[in-house]
Amino acid sequence: MALPGAPPLDLALIEQIAPLTLTGERLLAVPSLLESLFIWGGIPPGWSIGVAGNGAWSMAMAIWAEALGAEGWIAIVGAPDVNLVTAAELGVRLDRVVVIETPPTKVWTTVVGALIEAFDIVAIAPGGPVGLRDARRLSARAREQGAVLFHLDGARSWPTAVDLTLTGSTQKAGWQGGSWQGGSWQGVGDGHGHLRARCLRIDAVGRRAGRTRSTTVLLPGPDGVLAPFVEP
Amino acid sequence: MTTGRRTTALRTAVVWCPDWPVVAWGVPLSEPAAVFVANRVVACSPAARQEGVAVGQRRREAQSRCSDVAVLDRDVDREARLFEPVAVALDALTPRIEVTGPGLVGFPTRGPSRFFGGDHALAARVLEVVTPVLAGRGEARVALADGVFTARLVARTEEAGRGPVVLPVGASPGFLADLSIEHLEQPELTSVLIRLGLTTLGSFAGLEAGDISGRFGVEGLRAHRLARGEDGHPPDLRRPAPDLAVTWQFDPPADRVETCAFVAKALADELHLCLEAEGLACVRIAIEVETEQGEQHVRLWRHEGALSASALADRARWQLDGWLHTARSKSGVVRLTLVPDEVIPASGRQLGFWGGRAERADGITRTVARLQGLLGSEAVSVPECRGGRGPGDQVILLPAAAIDLGAERAATATAWVTEPWPGRIPPPSPARVRIDPPSIEVVDTVGRSVAVSGRGELSGIPALVGIERRRHRIMAWAGPWPADERWWDAAEHRRRARLQVVLEDGSAHLLVVEQGIWYLEATYD
């Protein structure tokens, strides 16, 4: 209760002097448009997240941009197809990215294990199935170190369930009354324009998701970054 | 000391070869030439300077001032290698040579000066020894004064061809007083001082040391000492314990620079950890090499800021490069030792509250180094921005070994590339660019394969895409964007055209056709 005549509360100061947050309670931020997909409103350290479906990698990149902030580091392992130009367009700081294109299968676990110890996010796309013991060990180490594992292949080759899977889907596109009703991409037509924005529905399921959560966003939006979807 | 004044500056001789990055390229100084790093001038020849080229300019600006300027890339290894003979020549005069970097070398003169009969005689002798080594490729300026900083400025401000300059003992503060404060080469500090009205070294030197320390900390204090004509770091009389030296025995002997450099990097990391544990930083290091035939080569390296692990490794590499390329040593290296010759308390670096940025980058660097050991140095890479037309061409990957991850890296910002690339497909970019694009079929409404003419026109309206024997309907498309790349080079010339398509399932792809064959180049994943 404010006393009469008291100066207004300095919110920035309150944030600074608030009781400290323990590492275990610290959440990695996610874009505010996607907060509703996460039961805690952010990514708890040590989680593993799979991305699948349409726009899977753009989704991952948009989340990295927010989660890494200015100081976080990310390593991308075994996904030589990832286009970092897109990551930069979606806001990922390229001076915090380290890439290991295709580590040999026999040292794959060692490489990912070493990365988990130093990086905030480790994005993986295993070339083949991962053994159950290796998977459990890596997950345990990630929880211990507070690193987030991103499965760029939708955790297809991962033997255990991941904490959360985000699946992107676009509305079916079709011709209606002679004109193209693109539910997915905007800006492109019959030989003119260029791809500008995509309307993407994202569903979050998983053992830590609670109920199934979904949201619809523009990814990318007309400005190249994540944007809210407004029902026409 | 001959004067009654107490001074901490060590009497030092400096040999400076101006414009060394240009000289190292073998370009005569009478021709306009400039050396560039990341599109900015870092050094230029006197001829280019006369035309208005200056350090820090962008390439276009330099070329607009002087259209026939030769554009050279910085090659520090080469600079160091070619500078080695100068250092070797000076070795004949005194064993205490300190190389600051390619083009700049100094040594304390107390002993040599007495031996050769005074400062003037010594300075003349130095010039005599160095000139034949340069063989007319560049000039050498010799200066003798109290302290490295002063000696260097004397060498810089001296006019060409006037011979060596000797500043009398105790004359340093007087010499420095009228010089611009910017000679401190600490842009952050000097910009503040200039705004405070302190534009000369003399006016800054006149302030109380205590006030400087209170306001500007360790860095400010160091600058203040320099401005007063003293040495930047007060000599720390504690000699480093001998066990801080790190050694590697080669078996079999190493005869390649790369092998030695790799070990030098590991040794530098180890030394750094030892120093860190003792709370010390190294400002001068001795790199000792022993060859199969028992020859020993020692070189001292100085660095004004404390030497980081990668800076240490660089110096070891330069030195080995110089030695292994000169005819003097034909035998392999059997032992490499790094000795921290002069250390100071490591007080300059302030870590953030929760283990700051620098510490963070160190952890990342260590992990990267470990993985390089496991996978090879090329396997771990970091991105940098470049210009380009293709969907993934605006970012390239460089081996992380070559890059200091803790430093600001301007080239990772997309704003870094300012030139327009005509023919580039407008953003957004596809998130997945195939390393090995699969070939596909593109057919038009009547079932014929779609072709793109030399004028960039499609032979029909694309209706279906065949990927791995399955056909998908094209719901919308845009393009084509023709790209005629490297037409000036017959071997590298590529003519391509790109097409954006949206398929039934809502997925969007980038297709490319080259010599009549279509490929799935990228996906807007």
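Table for the structure above
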item	result
Selection status of A:G221, open to solvent by less than 10 Å² (accessible area, probe 1.4 Å), in a loop (DSSP other than H, G, I, E, B) and at pLDDT below 90	yes
Number of the condition not met by A:A209 [criteria: (1) at pLDDT 80 or above; (2) more than 14 Å from chain B (Cβ to nearest Cβ)]	(1)
Residue, nearest to the other protein chains (Cβ to nearest Cβ), within the range B:395-406, restricted to residues that are within 22 Å of A:T102 (Cβ to Cβ) and modelled with pLDDT under 80	B:L405
Residue list for the range A:62-81, filter: closer than 18 Å to B:S381 by Cβ and within 7 Å of another protein chain (Cβ to nearest Cβ)	A:W73, A:P80, A:D81
Close pairs (9 angstrom Cβ cut-off, 6 or more residues apart or separate chains): farther than 17 Å from A:V92 by Cα in the range B:398-424, assigned to a loop (DSSP other than H, G, I, E, B) and at pLDDT below 70 anywhere	none
The range B:491-525, subset within 14 Å of chain A (Cβ to nearest Cβ) and β-branched (V, I, T), residue nearest to B:A431 (Cα to Cα)	B:T523
Pair list, Cβ under 6 Å, 6 or more apart: the range B:441-462 residue of a type in the set (S, T, Y), other residue in a strand (DSSP E or B)	B:T445/B:A463; B:S449/B:V443
Leading residue by the ranking (nearest to A:T212 (Cα to Cα)) among those in the range A:34-62 that are assigned to a helix (DSSP H, G or I) and free of Cβ contacts under 8 Å to residues at least 40 places away in the same chain	A:E35
Candidate set from the range B:381-394 (those that are at the interface with chain A (Cβ under 7 Å from one of its Cβ atoms) and either within 21 Å of B:L499 (Cα to Cα) or in contact (Cβ under 8 Å) with a residue 40 or more places away in the chain (or both)); member that is nearest to the chain's Cα centre (by Cα)	B:Q394
Of all residues making up the range B:110-140, the number that are touching a Phe, Trp or Tyr at 6+ places or on another chain (Cβ under 9 Å), of a type outside the set (A, V, I, L, M) and open to solvent by less than 70 Å² (accessible area, probe 1.4 Å)	1
Unmet requirement for B:I435, which otherwise passes all of (1) within 8 Å of another protein chain (Cβ to nearest Cβ); (2) open to solvent by 40 Å² or more (accessible area, probe 1.4 Å); (3) touching a helix residue (DSSP H, G or I) at 6+ places or on another chain (Cβ under 8 Å)	(3)
Subset of the range A:106-126 (residues that are within 21 Å of A:L28 (Cα to Cα) and at the interface with another protein chain (Cβ under 8 Å from one of its Cβ atoms))	A:A114, A:L115, A:E117, A:A118, A:F119
Extreme residue, farthest from the chain's Cα centre (by Cα), among residues of the range B:128-161 that are farther than 21 Å from B:T109 by Cα and charged (D, E, K, R)	B:E159
Selection status of A:L149, within 26 Å of A:G224 (Cα to Cα) and within 14 Å of chain B (Cβ to nearest Cβ)	no
Restricting the range A:179-188 to residues that are at the interface with chain B (Cβ under 7 Å from one of its Cβ atoms) and at pLDDT 80 or above, the residue that is farthest from A:L218 (Cα to Cα)	A:V188
Odd one out for B:T199 among (1) at pLDDT 85 or above; (2) in contact with a Ser or Thr (Cβ under 9 Å, 6 or more places away or on another chain); (3) under 30 Å from B:R125 (Cα atoms)	(3)
Single match in B:R137, B:R156, B:R125 (criterion: basic (K, R), over 30 Å from B:L221 (Cα atoms) and in contact (Cβ under 8 Å) with a residue 60 or more places away in the chain)	B:R137
Filtered residue count, the range B:65-86, keeping only those that are of a type in the set (V, I, T) and surrounded by fewer than 17 Cβ atoms within 10 Å (Cβ to Cβ)	2
Entirely in the range B:411-525, the strands (runs of 3 or more DSSP E) that have 2 or more residues that are in contact with a Pro (Cβ under 9 Å, 6 or more places away or on another chain)	B:439-444, B:470-485, B:494-503, B:508-514, B:517-523
Residue in the range B:407-415 that is facing chain A (nearest Cβ under 9 Å), touching a strand residue (DSSP E or B) at 6+ places or on another chain (Cβ under 7 Å) and at pLDDT 85 or above present	no
Pairs with Cβ under 9 Å, 6+ apart, first in the range A:92-105 and within 7 Å of chain B (Cβ to nearest Cβ), second open to solvent by 60 Å² or more (accessible area, probe 1.4 Å) and among the charged types (D, E, K, R)	A:D95/B:E408
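Each row is one residue, and each column tells you yes or no for (1) open to solvent by 40 Å² or more (accessible area, probe 1.4 Å); (2) modelled with pLDDT of 75 or more; (3) at the interface with chain A (Cβ under 9 Å from one of its Cβ atoms).
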residue: B:P340; (1), (2), (3): no, yes, no
residue: B:I344; (1), (2), (3): no, no, no
residue: B:L351; (1), (2), (3): yes, no, no
residue: B:G363; (1), (2), (3): no, yes, yes
residue: B:R366; (1), (2), (3): yes, yes, yes
residue: B:Q372; (1), (2), (3): no, yes, no
residue: B:A379; (1), (2), (3): no, yes, yes
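The values are calculated or read from the model by the stated rules, or taken from the named source; none is laboratory data. These numbers were taken from a predicted model, which means no experiment stands behind them. A quick note on method: Cβ atoms are made from the backbone with ideal geometry, for glycine too, and the neighbour counts reach across all protein chains shown. The area values use the complete protein model at the heavy-atom level, side chains included, leaving out ligands, DNA and RNA. Shrake-Rupley method; radii C 1.70, N 1.55, O 1.52, S 1.80 Å.
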